[in-house]
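Chemist: Below is the structure I would like to discuss, written out as structure tokens.
What follows is calculated from the coordinates using simple rules that are stated; it is not laboratory data. The model shown is predicted, which means the values in this text are computed figures rather than measured ones.
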Amino acid sequence: MQYTQKVLDHFMKPHNVGKMEEPDAYATEGSPACGDQVTVYLKVNKDTQIIDDISFLSYGCASNIATASIITDLAKGKTLDEAKQITWRDAMEALDGLPPVKVHCSVLAADTLQSAISNYEIANGLKEVPEFSKQTILDELKKIIYPKVGEDIITLKMVKYVGFSNGEVLIDLNIMSFDEWRENIAEEIREHLQKYPDVKDIQINFP
Ligand code: FES
């Protein structure tokens, strides 16, 4: 697999690595695609809302370590509002790219940073626990990467319809039966949505 020099540098000498003692907030997220995990820890200045310190622990692949390393670099010294704008695309760009099958590693790193920020905001009364809605489903679908090209399934227009009522999620996917990734994508969608207590059933349809 072809990695850029920046990925190799961050993998071999990761920045901001290690468990933080007494963090103000933290989050652990796992990737349904591979089972790898990342934890991100934050220390936030209460007056300025600046991320004074940030670190991570990785339980995953080389790209998992490299993307977590770069995402902590990108967030350090930023205000919470600025850090909320950091996406997996920023992490990819800062690493000069990732192979398509490894793009989900950057999604996991960005997602974990955003969860840690969200946990901080909820714990400090800066926001309420978000309600589950159709938008939550769309946000989750945006995190699912089609491994052949390394792009998310919303951008690739693979999602034809999304509905949610009485705990039932209904998704129509525009993925043909001959596509080798079809079942894999459906399984990942289920794993992303099953973690929400409001979701009782998930129906995924194909053409
Ligand atoms: Fe899944 Fe890297 S985080 S292979």
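Chemist: Rounded, prolate or oblate, given the Cα gyration tensor of the range 108-207, with a/c below 1.5 counting as rounded?
Modeler: Taking the square roots of the gyration eigenvalues as a ≥ b ≥ c, the range 108-207 is oblate.
Chemist: Quick one: which residues, 5 or more positions from T79 or on another chain, have an amide H under 5 Å from its amide H? H modelled 1.01 Å from N in the peptide plane, none for Pro or chain starts.
Modeler: Answer set, sorted by chain and number: I51.
Chemist: Hey, another quick one. What list of ³J(HN,Hα) couplings, whole Hz, do you get for the range 92-109 from phi and the Karplus terms 6.51, -1.76, 1.60, once you set θ to phi - 60° and write x for glycine and proline?
Modeler: Karplus values, whole Hz, x for Gly and Pro: 4, 4, 5, 9, 6, x, 9, x, x, 6, 10, 4, 4, 5, 6, 5, 4, 5.
Chemist: Take the alpha carbon gyration tensor of the chain, find the square roots of its eigenvalues, order them as a ≥ b ≥ c, and report rounded if a/c is under 1.5; if not, report prolate when a/b exceeds b/c, else oblate.
Modeler: The shape class here is oblate.
Chemist: Under the classification rounded if a/c is under 1.5, otherwise prolate if a/b is larger than b/c and oblate if not, where does the range 57-159 fall, given a ≥ b ≥ c as square roots of the Cα gyration tensor eigenvalues?
Modeler: oblate
Chemist: Can you compute the helix-only [θ] at 222 nm over the chain? Use -39500 (n - 2.57) per DSSP H run of at least 4 residues, normalise by all residues, nearest 500 deg cm²/dmol.
Modeler: Calculated mean residue ellipticity at 222 nm is -11000 deg cm²/dmol.
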